[in-house]
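Trainee: Below you will find the structure I want to go over with you.
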Amino acid sequence: MLSILLLRLKLMITNKKLLLICFIIPIIVLLITGKTLERSNENLKLSIAVVDEDNSRITRETIKKISKNELFIVKESNFEAAEKMLLRDDIEGVYVFKKGFEKNIKIGKTDNLVQVHYLQGNYIAPAVTDIITSNFMFDIVTEKTKLIVEDIIYKEDSNKSQEFNSKFNERVQTIHKDEEYVLPIITEYMNSAKQDDKNSQVKKLMKNNAVNIILIFIMLAVLMNSMYTRKDYNTQIITRIKMSSCTYLKYTVGNIMGISIPVIITTLIQILFIKVFILKDVNALYLMFIFSIYIISFTIFALLLVNIFKSIQSIQAFIPYIILILYILGSLGTNIRILPTYTIQQSIFDYLLFNDYGNILTNLLYQLINTSIYFIAVITTGYKEYQYGNY
Amino acid sequence: MEIIKLEDISKKYKKEKVLNNLNLSIESGQITGIIGPNGAGKSTTLSIMADLIPYDDGKVTYRGSSIKDSKGKIGFIPQEIALYDSLSGFENLKFFASLYGIKGNKAKDRISEVCQYVGLEEKIKSKVKTYSGGMKRRLNITAALLNNPELLIMDEPTVGIDIIARNNIIDILKKVNKQGITIVFTSHYMIEIEKLCTYIIFIKNGKIVEKGKIDEIKNKYSKSNLEEVYTLLNNK
């Protein structure tokens, strides 16, 4: 078994075409698509200029937090420079944090804190203002909330409205008067989950894209390596294997490990590449774990295809039908619960990736069931040819 | 003393009967050539001798015991070049040696020994795809000698190579035989059979039509060479 494993490793290393397909091309594609998506991410960002007239702790912190937000490209400058940028249409708007910003917030005065300048007809700047105010300015939000609640809920009950107003004001005033609470509240809003969601869309897209590219090349590498095992039969190498003490079980397990291990290694390198160059926050260990199980499972599935179709041409011709079968099995699985909805549903990539990282234990269990079925099928279909083939 | 014996062997592929109550025995130390037209059942006979395929009826014994006990004692050289051409000759031999449990320094020593034997030491580190047809054939034979077999079964070992390479292989096989290894092989080249074999078996339609020492058969049919005997038997 170890001999077969080492043989497959060696065959993969010495096969330039396989190396190119399994290792070099995916990295190039990952690099190109990663950079392209990064650029489209840049295009989605809004450029704004901020002028900090107050230059207080709160304004500095606020500007810092806005700059960190991936929705904006923030250019800090004086008003004159900012105005020039605005006229050149380099930015969407100028946000002037007016003198007395911190002082006014502390005493609960929440109006006229930030002055916005934008070109006539530019509707992005007011929208940006909304984003900044709703996400970064606790005070403005509280004022807004008060008005909305007054307007909608207590519209027809003036007593309740009055009661709400006094209690709300009391609370807001208390918070604002206490210096210790002002900044943490603002900071807290900046790090809110809602904001993260908005920012992570592009990242999610990049992550899915990268994972899909890796998956496509895993499939290619595994299929190509599996097809290569047919050479054993076509050149009658199998007679030598059969005449030794190598049983069909050992031969198959050796093939499975020999095909999957190099693909697992190259995938690991690709994931590390993604982590270092494209998506720093990707959970490499988790991805690797999922990919490893998938690679082993898909290797057995590929060997099953090879056993059934025998020639490379037949397998290639059958690939569209395989995808179709997976779709059909997926919908059957949803209805009659024979096959797991997580493993075969919606799309082939969902099937491969446990459907958006759902419950990992359930997914693993299903994947193991599938793998066991594939393994039994491989042994059953291949044994006959190994044992009784026409040599 | 007979090394391998086939008794009343019958074999069908689907509905077609390939071997029909075939009886033959191979004497130890001999070089036996199995000849016959295409589709006569030569390759099937060899595969059954090597225990590669099952048979429908009959019995195969190796030195009086079941053929199943012969594992590791028989070397088989298929008609195809059963090698990985993207690997070097050495890597191929190392892999085949490992299948027989010959590993590490023991494998290196054995590879070097057999390579010297067949004259492949120089190019053994080169990839098989860079070898000439004759060299590939020699390496194909080398791989079957790694486990030091008692019986070497070969299915057309010289097909597709030039006369010089073929003569080279004949010399190697004579050397192998001198080491005490029994050889059974098939070939369509009668000159090669005459040069190498002491005994021949002519198979046609899954049955033995003629067998015996080459000179005796030639005398029996009053022919000067084996090719004429072959043509006569084939047209019979």
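Trainee: From the list B:ILE153, B:ILE200, exactly one residue is out of contact with any Ser or Thr (no Cβ under 8 Å at 6 or more places or on another chain), buried (at least 22 other Cβ atoms within 10 Å of the Cβ) and not in a helix (DSSP H, G or I). Which is it?
Mentor: B:ILE153
Trainee: Same structure, new question: Anything in the stretch B:65-107 that is of a type in the set (A, V, I, L, M), touching a Leu at 6+ places or on another chain (Cβ under 7 Å) and closer than 12 Å to B:ASP51 by Cβ? List them, or say none.
Mentor: Scanning the stretch B:65-107 gives a single hit, B:ILE74.
Trainee: Name the residues in the stretch A:229-261 that are touching a residue at least 12 places away in the same chain (Cβ under 8 Å), within 10 Å of another protein chain (Cβ to nearest Cβ) and either assigned to a loop (DSSP other than H, G, I, E, B) or acidic (Asp, Glu) (or both), would you?
Mentor: A:GLN236, A:CYS246 - these are the residues of the stretch A:229-261 that are touching a residue at least 12 places away in the same chain (Cβ under 8 Å), within 10 Å of another protein chain (Cβ to nearest Cβ) and either assigned to a loop (DSSP other than H, G, I, E, B) or acidic (Asp, Glu) (or both).
Trainee: Given the condition within 17 Å of A:THR235 (Cβ to Cβ) and not in a helix (DSSP H, G or I), answer yes or no: does some residue in the stretch B:125-133 qualify?
Mentor: The answer is yes; a qualifying residue exists.
Trainee: In the stretch A:299-320, what residues are among the polar types (S, T, N, Q), crowded, with 18+ Cβ neighbours inside 10 Å and farther than 23 Å from A:VAL211 by Cβ?
Mentor: Selection gives A:ASN307 alone.
Trainee: Considering the stretch B:203-236 alone, what residues qualify as being in a helix (DSSP H, G or I) and open to solvent by less than 90 Å² (accessible area, probe 1.4 Å)? Give the derivation first.
Mentor: Here is the first cut: in the stretch B:203-236, the ones in a helix (DSSP H, G or I) are B:214-220, B:226-235.
B:ILE214, B:ILE217, B:LYS218, B:LEU226, B:GLU228, B:VAL229, B:TYR230, B:THR231, B:LEU232, B:LEU233, B:ASN234, listed by residue number.
Trainee: If you check A:GLU76 against the conditions, is it open to solvent by 40 Å² or more (accessible area, probe 1.4 Å), at pLDDT 80 or above and more than 29 Å from the chain's Cα centre (by Cα)? Lay out the reasoning, then the answer.
Mentor: On the way: open to solvent by 40 Å² or more (accessible area, probe 1.4 Å): yes; at pLDDT 80 or above: yes; more than 29 Å from the chain's Cα centre (by Cα): yes.
So A:GLU76 fits the description; yes.
Trainee: Could you please give the count of residues in the stretch A:87-102 that are open to solvent by less than 10 Å² (accessible area, probe 1.4 Å) and assigned to a loop (DSSP other than H, G, I, E, B)?
Mentor: Number satisfying all stated conditions: 1.
Trainee: For the stretch B:177-197: of the residues being touching a Lys or Arg at 6+ places or on another chain (Cβ under 8 Å) and open to solvent by less than 60 Å² (accessible area, probe 1.4 Å), which is modelled with the highest pLDDT?
Mentor: B:THR186
Trainee: What tally of residues in the stretch A:263-281 results from selecting those that are open to solvent by less than 20 Å² (accessible area, probe 1.4 Å) and farther than 26 Å from A:ASN225 by Cβ?
Mentor: 1
Trainee: Confirm whether A:SER226 is within 14 Å of another protein chain (Cβ to nearest Cβ), of a type in the set (S, T, N, Q) and either surrounded by 19 or more Cβ atoms within 10 Å (Cβ to Cβ) or not in a helix (DSSP H, G or I) (or both).
Mentor: On the way: within 14 Å of another protein chain (Cβ to nearest Cβ): no; of a type in the set (S, T, N, Q): yes; either surrounded by 19 or more Cβ atoms within 10 Å (Cβ to Cβ) or not in a helix (DSSP H, G or I) (or both): yes.
Against the criterion (within 14 Å of another protein chain (Cβ to nearest Cβ), of a type in the set (S, T, N, Q) and either surrounded by 19 or more Cβ atoms within 10 Å (Cβ to Cβ) or not in a helix (DSSP H, G or I) (or both)), A:SER226 does not qualify.
Trainee: Please work out which residue is surrounded by the fewest Cβ atoms within 10 Å (Cβ to Cβ), limiting yourself to the stretch A:282-298 and to residues that are polar (S, T, N, Q) and touching a helix residue (DSSP H, G or I) at 6+ places or on another chain (Cβ under 7 Å).
Mentor: Filtering first and then ranking leaves A:SER292.
Trainee: Let me ask another. Go over the candidates B:ASN92, B:ASN140 one by one and state the one that is within 16 Å of the chain's Cα centre (by Cα), part of a helix (DSSP H, G or I), in contact (Cβ under 8 Å) with a residue 40 or more places away in the chain and surrounded by 22 or more Cβ atoms within 10 Å (Cβ to Cβ).
Mentor: Just a single option satisfies the conditions, and that option is B:ASN140.
Trainee: Next up: Give the stretch B:163-176 a look and list any residue that's open to solvent by less than 50 Å² (accessible area, probe 1.4 Å), among the β-branched types (Val, Ile, Thr) and more than 21 Å from B:LYS213 (Cα to Cα), or say none.
Mentor: Scanning the stretch B:163-176 gives B:ILE169, B:ILE172.
Trainee: Which count do you get for residues in the stretch B:47-85 that are open to solvent by less than 40 Å² (accessible area, probe 1.4 Å), within 18 Å of B:ILE141 (Cα to Cα) and either more than 9 Å from chain A (Cβ to nearest Cβ) or outside any helix (DSSP H, G or I) (or both)?
Mentor: Going residue by residue through the stretch B:47-85, those that are open to solvent by less than 40 Å² (accessible area, probe 1.4 Å) are B:47-53, B:60-62, B:67, B:70, B:72, B:74-78, B:82-84.
Narrowing further to those that are within 18 Å of B:ILE141 (Cα to Cα): B:47, B:49-50, B:52, B:72, B:74-78, B:82-84.
From what is left, the residues that are either more than 9 Å from chain A (Cβ to nearest Cβ) or outside any helix (DSSP H, G or I) (or both) are B:49-50, B:52, B:72, B:74-78, B:82-84.
Matching residues across the stretch B:47-85 total 12.
Trainee: Continuing with this model, one more query. Under 9 Å between Cβ atoms, at least 6 apart or on separate chains: pull out the pairs that start in the stretch B:120-133 with a residue that is without any contact (Cβ under 8 Å) to a residue 40 or more places away in the chain and end on any residue that is part of a helix (DSSP H, G or I) and open to solvent by 60 Å² or more (accessible area, probe 1.4 Å).
Mentor: These pairs meet every condition: B:GLU121/B:SER112; B:LYS123/B:THR130; B:ILE124/B:SER112.
Trainee: Would you pick out the residues in the stretch A:229-262 that are in contact with a Leu (Cβ under 6 Å, 6 or more places away or on another chain) and open to solvent by 40 Å² or more (accessible area, probe 1.4 Å)?
Mentor: A:MET257
Trainee: Checking the conditions here, which among A:LYS64, A:LYS84, A:LYS10 is part of a helix (DSSP H, G or I), within 14 Å of chain B (Cβ to nearest Cβ), at pLDDT 75 or above and open to solvent by 40 Å² or more (accessible area, probe 1.4 Å)?
Mentor: A:LYS10
Trainee: While we're on this one: Being touching a residue at least 12 places away in the same chain (Cβ under 8 Å), in a helix (DSSP H, G or I), under 23 Å from B:CYS197 (Cβ atoms) and more than 12 Å from chain A (Cβ to nearest Cβ): is that true of B:VAL159 here?
Mentor: No.
Trainee: Say we look at the stretch B:97-124 and pick out the residues that are open to solvent by 30 Å² or more (accessible area, probe 1.4 Å) and within 13 Å of chain A (Cβ to nearest Cβ); which of these is nearest to the chain's Cα centre (by Cα)?
Mentor: B:TYR100
The values are calculated or read from the model by the stated rules, or taken from the named source; none is laboratory data. Not measured: the values here are computed from a predicted model. Here Cβ is always computed from backbone atoms with ideal geometry, including for glycine, and neighbour counts include all displayed protein chains. With ligands, DNA and RNA removed, areas are computed over all heavy atoms of the protein, side chains included. Shrake-Rupley method; radii C 1.70, N 1.55, O 1.52, S 1.80 Å.
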